[in-house]
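Contents: one structure, followed by commentary.
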């Protein structure tokens, strides 16, 4: 029996594998992903060959495919090791064969543009990351004397591999654009992972953009800041593919022209590109309101309260603090009993990561959805993006710093205590926020580090 969506996620983290499925569940759409053992874990890459074989056995109306997983074994593998050419070739052939076997199905893909630096997984790799970061920033700001001195601190083998990986990823992203041109891929997102303005990615983006224009694919291929949000966006594009009206409001309009941390263009540019990719058009009369909080919690609460009173479906994009929600904003929202009245909330990782989640939820507002599933997703994101990332993560890292390694790997002896404490804390937060009946269970660290957590949020 044909599935609605078959998804090959970027990796096994909840933002890439769990949340897209929750979005589908809210829309009443069936979504299937490979078993987690195929997807790898942290520094262990996914099994590209097994995933390709699995994919070709699946019949679906829509396929949402991470090329980073299909070609390399996931996001970290895409920037960490030279994959076997055979696996890359097999991944591309799998896409072509999939289209031939399922000519009426839609194939939507996403592939990251290589981030600035290397992966951090230990104290030694942290030093490598810092050295590479400072060197690249000096070089691309044309401080060549400083760059030359910094380069001597970098292992030549690491530098060589870095260059080879950038070249490989560019070549494969260009190949992906060609597959759009020949019809094997129906739609392609090329999100730019962590970077800074005018870095090594700039020429790569230009090369890709020129190819997109030469092949007349500007409506089928989009390039903007982001990465981990892409699967969420594409499943939302599948469940609600048509043109969607949305109103956008923020507390501090001047912030729209600023370049957010880890990005290389004004936020407004990313906003427009993400919206266009998902078929959103701005209409101030729309009942769907994307509210962007940049700096002024009191102003945000006033605007949101008014919008809800007028019947708007409000999705709150909280960008006041990086990689987490604003304590002042959430406290004010609770005080005015507004949290449960939202349709969505997003505040995780980079600004464009959060934007993608918010827009994916926006896509659900003008279609028939399961309101309970919407509330579960809302509560889950509040607990994860705000409570965990902004408050509890700092608490446990400070408390267990003697037992937590440099990369915040949580020792087994502490995990059960953390689990019990956080579940209690999270359920208290939900109760105080007006989410009666919703409970958090099954808390754990999917990659055994504190950077992300996983749990179940559902009605009990």
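The values are calculated or read from the model by the stated rules, or taken from the named source; none is laboratory data. From a predicted model like this one, the values you see are computed outputs, not experimental measurements. Neighbour counts run over all protein chains shown; Cβ positions are idealised from the backbone, glycine included.
Here's the yes/no breakdown for (1) in contact with a helix residue (DSSP H, G or I) (Cβ under 6 Å, 6 or more places away or on another chain); (2) at pLDDT below 95:
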site	(1), (2)
362	no, no
369	yes, yes
378	no, no
383	yes, no
395	no, yes
411	no, yes
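In the range 87-106, the condition of being over 22 Å from residue 188 (Cβ atoms) and assigned by TED's automatic domain parsing to the domain that holds residue 151 is met by no residue. Among the residues of the range 246-268, the ones that are surrounded by fewer than 16 Cβ atoms within 10 Å (Cβ to Cβ) and closer than 30 Å to residue 31 by Cβ come to 0 in all. When residues in the range 40-64 are screened for being surrounded by 21 or more Cβ atoms within 10 Å (Cβ to Cβ), in contact with a helix residue (DSSP H, G or I) (Cβ under 7 Å, 6 or more places away or on another chain) and outside any loop (DSSP other than H, G, I, E, B), 6 of them pass.
Could you grab me the full set of residues in the range 179-191 that are touching a residue at least 12 places away in the same chain (Cβ under 8 Å) and not in a helix (DSSP H, G or I)?
183, 184, 185, 186, 187, 188, 189, 190, 191
Listed by position, the helices (runs of 4 or more DSSP H) inside the range 74-178 whose residues that are over 30 Å from residue 49 (Cβ atoms) and free of Cβ contacts under 8 Å to residues at least 24 places away in the same chain number at least 1 are 123-140, 144-151.
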